[in-house]
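To start, the structure under review is shown below, and the notes come after it.
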Amino acid sequence: MTANPIQTPALDGVLVLALEQAVAAPYCSSRLADAGARVIKIERPEGDFARGYDAAAKGQSSYFVWLNRGKQSLVADIKQPQDAALLHRILARADVFIQNLMPGAAARAGFDGETLRRINPRLITVDISGYGDEGPYAQMKSYDMLVQAETGLASITGTPDTPSRVGVSVCDIAAGMYAHQAVLEALIRRGRTGVGASIKVSLFDGMADWMTVPLLFNDYGGGAPARVGLMHPSVAPYNAFASADGTPILISIQNDREWMRFCSDVLGRPELARDPGFSTNVQRVAHRSRMDAIIAAVFATLDTEALCAKLFASGVAYGRVNSVAAFSKHPQLRRVSVATPQGTVEIPAPPPIVDGVRAPALGDVPAIGADGDAIRAEFG
């Protein structure tokens, strides 16, 4: 399908004020900016502290470059009366207000959602926190890895010997995704009712939703899944095995029909499909060690390309256990250019392909306070 080059962005005309830092809230607001919303990001004089996380992206933070494209940067101190008054003037015209300051900080400065919506009933307010605003953890400091630990995610991640964090900020990202989803739903509802909404999202609740399957196993299935590395706790064979040249290849057999085809076409052992210990997935999980040893011995005789060709021809799902360097060269990876103060950076393209646009144009990453003078003049 050919994209319409004059199509109006979905959120054109939507004004977002983001009193944000780190990952979760910037994730939400960056996706609104991608869709055409005007996002004014409030920063301290030293900038969002995520600007200092690393210097990997041409001397700039990889996190900040990823999550702040397409925004305007305004340096303001909400504790200073003049700056607070400026932000209130912006909020009188805004559609969405997002904040993820420390618990209670926004409210103490006069930016609690209830007060703001009394002034601007069409305003959608979004409060992102670690544990929500109720319960014994409400005032706890929270960061992604802490929530990975508290929700039990770390306990089911890693090897049998040790728990581990997931290698990306999944709790932050989940909260940002849920907030983004809720904002879009609130905008649709406001279009019918004319009334804004109060949205509250926590990192803990976002990851709790993602942890539903392990939780159900724990509560109703006799215990939480064990840490099994690259194995699947309840499906077998679903594991990584080394080819003759040492490349780990992850395979996934989802049903008995696939297992029969795998035994015949890949292992060259059709009789294994009739082995009572391997005939069903439940049996294969129970006898995983014996089965995995058979698979490993066969895979070790085939180089990577020959093995992958066999797997592909037989219809078995597989994947190379790539390094990040290999992922960087992956033939399926779509990239898009983003302008930053230190030059252009290539990042993964947004996942949705809308009207055939595979690499949409994204807004620039702002320097600290780059738009302050213009914004102050506009709302002065």
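Things worth noting here:
- Boolean, ALA107 is under 30 Å from ALA224 (Cβ atoms) and not basic (Lys, Arg): no
- Residue in the stretch 313-320 that is among the β-branched types (Val, Ile, Thr) and outside the structural domain of ASP256 (by TED's automatic domain parsing) present: no
- ILE188 being closer than 22 Å to ARG93 by Cβ and free of Cβ contacts under 8 Å to residues at least 60 places away in the same chain: yes
- Number of positions in the stretch 251-268 that are closer than 17 Å to ASN239 by Cβ and either loosely packed, with under 15 Cβ neighbours inside 10 Å or free of Cβ contacts under 8 Å to residues at least 40 places away in the same chain (or both): 5
- Residue under evaluation ALA300, criteria (1) under 30 Å from TYR27 (Cβ atoms); (2) surrounded by 11 or more Cβ atoms within 10 Å (Cβ to Cβ), criterion not met: (1)
- Scanning the stretch 120-144 for residues that are modelled with pLDDT under 95 and aliphatic (A, V, I, L, M) yields ALA138, MET140.
- Of all residues in the stretch 360-377 being small (Gly, Ala, Ser) and either within 15 Å of GLY36 (Cα to Cα) or not in a loop (DSSP other than H, G, I, E, B) (or both), the one that is modelled with the lowest pLDDT: ALA361
- Filter result for GLY130 (surrounded by 14 or more Cβ atoms within 10 Å (Cβ to Cβ), under 30 Å from the mean Cα position of the chain (by Cα) and closer than 22 Å to MET207 by Cα): yes
- Those helices (runs of 4 or more DSSP H) of the stretch 7-102 in which 2 or more residues are in contact (Cβ under 8 Å) with a residue 12 or more places away in the chain, closer than 25 Å to LEU116 by Cα and in the same structural domain as ILE368 (by TED's automatic domain parsing) occupy 24-34, 81-93.
- Screening LEU67 with (1) closer than 17 Å to VAL16 by Cβ; (2) out of contact with any helix residue (DSSP H, G or I) (no Cβ under 6 Å at 6 or more places or on another chain) gives one miss only, at (2).
- Total residues in the stretch 133-154 satisfying the condition of being buried (at least 17 other Cβ atoms within 10 Å of the Cβ), touching a residue at least 24 places away in the same chain (Cβ under 8 Å) and either in contact with a strand residue (DSSP E or B) (Cβ under 7 Å, 6 or more places away or on another chain) or at positive phi (or both): the figure is 1.
- Only one of the listed residues (MET177, MET140) is part of a helix (DSSP H, G or I) and in contact with a helix residue (DSSP H, G or I) (Cβ under 9 Å, 6 or more places away or on another chain). That residue is MET177.
- Yes/no for ALA240 being in a strand (DSSP E or B) and either in contact (Cβ under 8 Å) with a residue 60 or more places away in the chain or exposed (fewer than 13 other Cβ atoms within 10 Å of the Cβ) (or both): yes
The values are calculated or read from the model by the stated rules, or taken from the named source; none is laboratory data. What you see is a predicted model, and the numbers here were worked out from it, not measured in a lab. Please note: Cβ atoms are built from the backbone with ideal geometry, for glycine as well, and neighbour counts cover all protein chains shown.
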